[in-house]
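Take a look at the structure below.
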Amino acid sequence: MRMSKAFMILCCWLFASITLFAQPDNASVNETKILQLYEKQLREGLSLRGMPASEIEKYMARGKAGLSSIDDFTQELSHLYSSEKAGKIAVLLFFFNQDSLYRFFITPGQLREKKVMACTKGQLERLNTDIYQALKIYELSESRSPIKRGNVPLPRTPKNNVSLDKAIQNATDILMPSGFDEQYKHLIIVPAFSIGAFPFQLLRPYKDNSFLVDKCSYSIAPGLLDFMAVRKKILQTFRQQDMYDIPDKVNFTLSNPLFICNPAYPKNSPYVFPDLPGAKKEIAASLPYARDYLLLEGIKATKQNLLKHIRDADLLYLATHAMSSETNPLDNNFLVLAGESDPFFTSRNIMALRDTNVHDNYRFPEMVILSACQTGLGKSMEAGITAGVARSFLIAGARQVLMSLWSVDDEATAYLMSRFIYHLKDPHEFLPSEPLRLAQLDCRKKYPNPAHWASFSVYGVDY
């Protein structure tokens, strides 16, 4: 639930002050070549996760069928949503390669804009760090983070001195097309590099200068081909239930959720993990909305118990510490559970739960809530493919992962998540993104600071 101190210090000094320069909107973009590069990077990313070549091809085939260009994607998109929803959806597809960021603004059946911008990885990462520094996320999280045993605190890095308004405006100019307006009620972001970890709800794309969260929900797709595959699988599931299409509005009932709360953290780890009393409040606020549930906390919140019960749950909710690293991310990205022996639930462990034969009848929680900072992060590639914990859960079989981008206040987080679970039970057009948007608006009334209400985003594919 907390950022590691070393990671936060690294973020502070990693990026120098730089400016993005955009090329004209009609810049030449070879869309077929972009898709080929995207597929190459996806194969590399899945290979790094330990997938054999034969399984990679099966995994990719589900989303790649009939797709050879960006234009093919725009046409295919119109078949994945009802006519009622299609007019309310926009897609921002980003692609990063050789110091160039490509941005495609797509609606079902139409490519509305393509733009290429000259930039570096550092410039993209700076979008995030400017927001974090303006919100004082690093300072607010510091006392709540895991501490390396015997670690000598590093000197605090000077701030970039960019105001929150300026940081939001800079990011809006880069990430949002001018043609995006109030007609769109849900935004799907197919990210590049670090864009997937940006809090899009804070952008101001409207003429009245309101936040995106005021008028539109959003979700972060794991990748272009993954999005296609998961959306098709969702459609297939509903059609197997004698429905031609997904209903325009869907709710999510917590029939048998599995809650993991504030484990008894290991004492023999290289890190000291502070106790998380706020996690108990967070979980307690959600329990009344569950028909039946299993709660594992303290010494019972072990990896063994999690693996024993995970396939019986429709929702998995983890409120604990997390660690993230770009070095050997399969083993060094993990959630912290109880026990002195093998307490880390790693990306490798999660990946091992996947259906290696890509069957349709496969049991895994539909939704995962990761109330643990850094869970959306990991080793990024040009296609926006991360080796973080959230990505691993999607490959393992989840359809949506609600992931925390940071955590600075237990009371605010508990209130936000209780409102999310409350809204989740009601029918919505875009679920779970719309319930999260409504929960953030509720939380903003009580906790106006964006550091308190803008800390979660949906990673995956909505119903």
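The values are calculated or read from the model by the stated rules, or taken from the named source; none is laboratory data. Computed from a prediction, not measured in an experiment: that's the story for all the values here. Reconstructed Cβ throughout: ideal geometry from the backbone, glycine too, with neighbour counts over all protein chains shown.
Structure values in brief
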item	result
Number of the exception - GLU113 against (1) under 16 Å from VAL190 (Cα atoms); (2) in contact with a helix residue (DSSP H, G or I) (Cβ under 9 Å, 6 or more places away or on another chain)	(2)
Some residue of region 70-89 being at negative phi, surrounded by 15 or more Cβ atoms within 10 Å (Cβ to Cβ) and at pLDDT 95 or above	yes
Members of region 421-437 that are under 21 Å from GLY196 (Cα atoms), assigned to a helix (DSSP H, G or I) and in contact with a helix residue (DSSP H, G or I) (Cβ under 7 Å, 6 or more places away or on another chain)	PRO435, LEU436, ARG437
Residues of region 196-221 satisfying the condition of being in contact (Cβ under 8 Å) with a residue 60 or more places away in the chain and either hydroxyl-bearing (Ser, Thr, Tyr) or part of a strand (DSSP E or B) (or both)	SER217, TYR218, SER219, ILE220
Some residue of region 164-179 being in a helix (DSSP H, G or I), within 21 Å of the chain's Cα centre (by Cα) and modelled with pLDDT under 90	no
ALA279 vs. criteria buried (at least 16 other Cβ atoms within 10 Å of the Cβ) and within 24 Å of the chain's Cα centre (by Cα)	yes
Residue within region 355-366 that is modelled with pLDDT of 60 or more and crowded, with 20+ Cβ neighbours inside 10 Å present	yes
Any hit, region 255-264, residues being touching a helix residue (DSSP H, G or I) at 6+ places or on another chain (Cβ under 6 Å) and assigned to a loop (DSSP other than H, G, I, E, B)	no
Single residue of region 82-127 satisfying the filter (of a type in the set (D, E, K, R) and not in a helix (DSSP H, G or I)) that is farthest from LEU235 (Cα to Cα)	ASP99
In region 436-455, the residues that are without any contact (Cβ under 8 Å) to a residue 40 or more places away in the chain and under 18 Å from the mean Cα position of the chain (by Cα)	LEU438, ALA439
Failed condition for ASP208, given (1) more than 21 Å from LEU431 (Cβ to Cβ); (2) crowded, with 24+ Cβ neighbours inside 10 Å	(2)
Qualifying residue in region 403-411 (condition: under 30 Å from ARG62 (Cα atoms) and assigned to a loop (DSSP other than H, G, I, E, B))	yes
Hey, GLU55 out of contact with any Cys (no Cβ under 9 Å at 6 or more places or on another chain), touching a residue at least 40 places away in the same chain (Cβ under 8 Å) and surrounded by fewer than 18 Cβ atoms within 10 Å (Cβ to Cβ) or not	yes
Residue check, THR129 at pLDDT 90 or above, out of contact with any Gly (no Cβ under 9 Å at 6 or more places or on another chain) and of a type in the set (Ser, Thr, Tyr)	yes
